[in-house]
1. What's the ranking of 117-126, 193-202 by average number of surrounding C-beta atoms within 10 Å, highest first?
2. Helix 137-152 against the longest principal axis of the chain: what's the angle in degrees, Cα atoms only, rounded to the nearest 10?
3. Projected area of the range 91-205, taken from the Cα convex hull and averaged over every viewing direction, in nm²?
4. Counting Lys +1, Arg +1, Asp -1, Glu -1, what net charge surrounds K115 among other residues with beta carbon under 12 Å of its beta carbon?
5. Could you derive backbone 3J(HN,Hα) for the range 58-70 from the dihedral phi with the Karplus parameters 6.51, -1.76 and 1.60 (θ = phi - 60°), listing whole Hz in sequence and x where the residue is Gly or Pro?
6. Scan around L95 for amide H atoms under 5 Å from its own, H built in the peptide plane at 1.01 Å from N, and keep only partners 5 or more places away or cross-chain.
7. If I take every Cα pair under 8 Å that is 6 or more residues apart in the range 69-202, average their sequence separation and divide by the length, what percent do I get for the relative contact order?
8. Could you pull out the pairs from K106/K205; K33/K56; K122/K174 whose alpha carbons sit more than 24 Å apart here?
Amino acid sequence: MINEQSLTSSNTDPGQASQPNQERVNVAYHVRKILELLGENPDREGLLDTPDRVAKMFEEMLSGLNVDPVSVLNTTFEETSDGPVIVSDITFYSLCEHHMVPFFGKAHVGYLPGKRIVGLSKLARLVETVSQRLQVQERMTSQIVNAVTTALEPEGVIALVEAEHTCMCARGVKKPGSRTTTIAASGRYKDDVALRQEFLRMIGK
């Protein structure tokens with residue numbers, strides 16, 4: 001049975017669409033056109049809802065695109081700490097901006113508080129925000145550090161990101177299992193080798 005709603009959103013010229021989410025309709029329409037250009041039949045059963053599914057997927061995976069990372073950390077508390085605050089093994093999924101295929105892994109974030117701290121879940125939310133956009137791992141790592149530095153003005157910030165890139169695993173050189181590690185730091189973490197080594201020990205590296 002043909003899904004009339006699917007045909008309405010993906011088979012209709014986006015200029016004529018009346019759905020409330022115009023951007024999703026536009027994406028679905030063009031995904032359908034891509035399927036046709038690839039020689040597929042977008043009206044066959046297995047692909048009938050694919051344009052809409054892909055549009056919704058992009059909407060979800062790019063949800064951080066227009067979010068200022070610093071705004072995620074806007075609720076802070078006046079508090080100090082004698083040692084670093086570290087949240088490790090924060091899982092994330094992102095889209096490589098070069099091939100628009102996923103890369104995924106874990107981020108480890110630490111900072112030396114100055115006069116303010118932030119809720120621990122906000123650091124995980126920050127990682128999610130900077131990963132949910134077309135991204136490269138190097139920039140993502142720096143964005144984490146820059147956001148924490150701006151929001152909290154701590155004595156130092158450090159982030160280490162480990163990821164597997166499907167653009168290397170499923171295509172091109174085809175090296176599944178290879179992982180990329182990036183690190184960025186500011187303040188005392190940038191200047192003090194012993195502090196960086198302590199951070200690495202605390203996250204098990």
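Please treat every number below as a calculation from the coordinates, not as lab data. Bear in mind that the values here come from a model prediction, so they are computed numbers and not experimental data. Methodologically, a virtual Cβ is constructed for each residue, glycine included, from the backbone with ideal geometry; neighbour enumeration extends over all protein chains shown.
1. Output ranking for 117-126, 193-202: 117-126, 193-202.
2. Approximately 50 degrees, to the nearest ten.
3. Mean projected area of the Cα convex hull: 7.1 nm².
4. -3
5. Going residue by residue, I get 5, 4, 6, 6, 10, 5, x, 4, 9, 9, 6, x, 5 Hz, with x marking Gly and Pro.
6. F103, R133, Q135
7. About 26 percent, as a whole number.
8. K122/K174
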